[in-house]
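See structure below.
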Amino acid sequence: MGTYFAIVTCRNSEDDIHAALMSLKKQILAPQYVIVVDDGSTDKTSKILTQTRQNWQSLHVITNNDLGYDIGRVVKNWNEAIAYSRNKKLAHATYHMIATDDTTYPPEYARDLVDFMDANSSIAVASGNYTKYVPEKPHGAGRFVRNSFFEQTQWGGVYPELMGYESAILYESERLGYSYATLTEARFQHSRPLGKHHKFYEFGASMKTLGYHPIFVWGRFAKYLATGEVTGRIGAFNMLYYYLSYKPKMVGYDRLYDDQLRRFVREIQKRRMLSAISGKRHRIIH
């Protein structure tokens with residue numbers, strides 16, 4: 001059976017971090033190790049991590065200075081954890097798991113995801129589900145990433161430190177001939193509402209940085225507005241507003257992805273829209 005390590009990022013998580021870590025420790029298929037990156041917490045998070053680490057030798061903690069809240073540092077912290085695992089020569093694993101400070105997983109969660117990915121070598125990324133909807137893509141939290149794929153990406157075994165990094169990895173998996181999946185029966189819990197801090201700013205803005213096709217964006221907006229799916233109806237309007245108003249920067253976290261990936265994203269979306277239209281016509285004819 002495949003192996004994995006888990007990455008957890010946190011900031012001011014005194015109410016949630018212990019439960020999140022214990023849910024990883026209690027997995028039937030235990031992680032080889034867990035790396036927590038504390039992004040400058042000013043509450044009791046650091047103390048909780050120190051206490052938890054005393055009885056858990058495979059728990060590693062990286063503590064960063066307090067630079068204030070910045071959603072863009074999440075991906076930097078993931079990469080810091082990955083660099084730590086390499087620099088410390090920790091055991092190589094088949095997969096890595098992206099967990100968070102506000103998610104908890106039933107004991108069989110990791111076993112079920114690893115069983116599925118072991119049996120399907122073409123799957124690069126997979127996650128379970130915590131919503132009442134059937135998600136289009138794996139969630140950010142709870143996702144497992146195949147490390148052999150991850151090391152083949154254009155970013156060379158790290159995450160792109162650009163807005164939309166979670167979606168970029170999924171599109172990169174398709175570009176390299178892999179696919180991704182969501183196991184809806186593998187449930188987990190998320191204690192903080194989606195969009196609480198960012199109001200779906202990155203949902204819309206990253207559509208621009210990734211080169212999303214405008215018709216695809218309007219279709220997604222219409223779906224979310226009609227169903228309330230994922231974002232809620234107010235979130236759907238926020239998403240569309242940020243897509244229309246966002247102006248990418250020349251450098252840094254807010255810049256555009258390279259032309260190759262943006263063209264690939266748009267071509268994939270064109271094919272999916274044409275396939276959906278063709279399928280709808282077929283159903284009407286019959």
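I'm trying to understand the selection: among the residues of region 13-60, which are more than 20 Å from the chain's Cα centre (by Cα), among the polar types (S, T, N, Q) and over 22 Å from F116 (Cβ atoms)?
S41, T42, T45, S46, T50, Q51, T52, Q54, N55, Q57, S58
Residue by residue through region 220-235, note down the ones that are under 18 Å from Q269 (Cβ atoms) and in a helix (DSSP H, G or I).
Within region 220-235, R220, F221, A222, K223, Y224 meet the criteria.
Is it the case that region 77-87 has a residue that's under 23 Å from Q152 (Cβ atoms), exposed (fewer than 15 other Cβ atoms within 10 Å of the Cβ) and not aliphatic (A, V, I, L, M)?
yes
Mind listing whichever residues of region 106-125 are within 22 Å of M22 (Cα to Cα) and either part of a loop (DSSP other than H, G, I, E, B) or not hydroxyl-bearing (S, T, Y) (or both)?
Within region 106-125, P106, P107, E108, A110, R111, D112, L113, V114, D115 qualify.
Which of the residues spanning region 17-33 are farther than 11 Å from T103 by Cα and among the polar types (S, T, N, Q)?
Just the residues of region 17-33 that are farther than 11 Å from T103 by Cα, to begin with: 25-33.
Answer for region 17-33, where residues must be farther than 11 Å from T103 by Cα and among the polar types (S, T, N, Q): Q27, Q32.
List pairs: first residue in region 239-253 and free of Cβ contacts under 8 Å to residues at least 60 places away in the same chain and in the same structural domain as L225 (by TED's automatic domain parsing), second residue surrounded by fewer than 18 Cβ atoms within 10 Å (Cβ to Cβ) and in a loop (DSSP other than H, G, I, E, B) anywhere in the structure, Cβ distance under 7 angstrom, at least six positions apart or on different chains.
From residues that are free of Cβ contacts under 8 Å to residues at least 60 places away in the same chain and in the same structural domain as L225 (by TED's automatic domain parsing), the pairs are P248/L256.
Report yes if some residue within region 198-219 is among the hydrophobic types (A, V, I, L, M, F, W, C), more than 16 Å from the chain's Cα centre (by Cα) and assigned to a loop (DSSP other than H, G, I, E, B); otherwise report no.
Step one: of region 198-219, the residues among the hydrophobic types (A, V, I, L, M, F, W, C) are 200, 203, 205, 207, 210, 215-218.
Filter again for more than 16 Å from the chain's Cα centre (by Cα), leaving 205, 215-218.
Okay, now just the ones that are also assigned to a loop (DSSP other than H, G, I, E, B), so none.
Taking every residue of region 198-219 in turn, none turns out to be among the hydrophobic types (A, V, I, L, M, F, W, C), more than 16 Å from the chain's Cα centre (by Cα) and assigned to a loop (DSSP other than H, G, I, E, B).
Among the residues of region 209-226, is there at least one that is without any contact (Cβ under 8 Å) to a residue 40 or more places away in the chain and either under 21 Å from K76 (Cβ atoms) or among the β-branched types (V, I, T) (or both)?
Yes: region 209-226 contains one or more residues that are without any contact (Cβ under 8 Å) to a residue 40 or more places away in the chain and either under 21 Å from K76 (Cβ atoms) or among the β-branched types (V, I, T) (or both).
Here are some conditions: (1) at pLDDT 95 or above; (2) in a loop (DSSP other than H, G, I, E, B). K132 meets all but one. Which one does it not meet?
(1)
Exactly one of (1) surrounded by 14 or more Cβ atoms within 10 Å (Cβ to Cβ); (2) hydrophobic (A, V, I, L, M, F, W, C); (3) without any contact (Cβ under 8 Å) to a residue 60 or more places away in the chain; (4) farther than 19 Å from S206 by Cα is unmet by L183. Its number?
L183 satisfies every listed condition except (3).
Would a scan of region 110-121 turn up a residue that is assigned by TED's automatic domain parsing to the domain that holds R73, touching a Phe, Trp or Tyr at 6+ places or on another chain (Cβ under 8 Å) and among the basic types (K, R)? Before the answer, list the steps.
Of all residues in region 110-121, those assigned by TED's automatic domain parsing to the domain that holds R73 come to 110-121.
Filter once more, keeping what is touching a Phe, Trp or Tyr at 6+ places or on another chain (Cβ under 8 Å): 110, 113-114, 117.
This time we only want the ones that are among the basic types (K, R), so: none.
There is no residue in region 110-121 that is assigned by TED's automatic domain parsing to the domain that holds R73, touching a Phe, Trp or Tyr at 6+ places or on another chain (Cβ under 8 Å) and among the basic types (K, R).
Do you know which residues across region 85-105 are within 19 Å of R11 (Cα to Cα) and not in a strand (DSSP E or B)?
D101, D102
Would you tally the residues in region 213-234 being surrounded by fewer than 17 Cβ atoms within 10 Å (Cβ to Cβ) and more than 20 Å from Y171 (Cβ to Cβ)?
Count: 6.
Show the residue pairs meeting these rules: Cβ distance below 6 Å; 6+ apart or different chains; first residue within region 124-150 and at positive phi and in the same structural domain as Q27 (by TED's automatic domain parsing); second residue assigned to a strand (DSSP E or B) and at pLDDT 90 or above.
As it stands, the answer is G142/S127; G142/G128, since those pairs meet every condition given.
Among the residues of region 32-52, what is the count of those that are closer than 12 Å to R11 by Cβ and either part of a loop (DSSP other than H, G, I, E, B) or not assigned by TED's automatic domain parsing to the domain that holds R73 (or both)?
So the answer is 4.
Just give me the residues in region 230-286 being at pLDDT below 90 and among the hydroxyl-bearing types (S, T, Y), in sequence order.
If the condition is that a residue be at pLDDT below 90 and among the hydroxyl-bearing types (S, T, Y), then T231, S275, S278 are the ones that fit.
Residues of region 239-256 being out of contact with any Pro (no Cβ under 7 Å at 6 or more places or on another chain) and either outside any helix (DSSP H, G or I) or under 20 Å from H139 (Cα atoms) (or both), which ones? Please lay out each step first, then the result.
Initially, region 239-256 is screened for residues out of contact with any Pro (no Cβ under 7 Å at 6 or more places or on another chain), giving 239-253.
Residues satisfying the conditions are M239, Y246, K247, P248, K249, M250, V251, G252, Y253.
The values are calculated or read from the model by the stated rules, or taken from the named source; none is laboratory data. Predicted, not measured: the structure shown is a model, and the values here were computed from it. Glycine also receives a Cβ, built like all others from the backbone with ideal geometry; neighbour counts cover every protein chain displayed.
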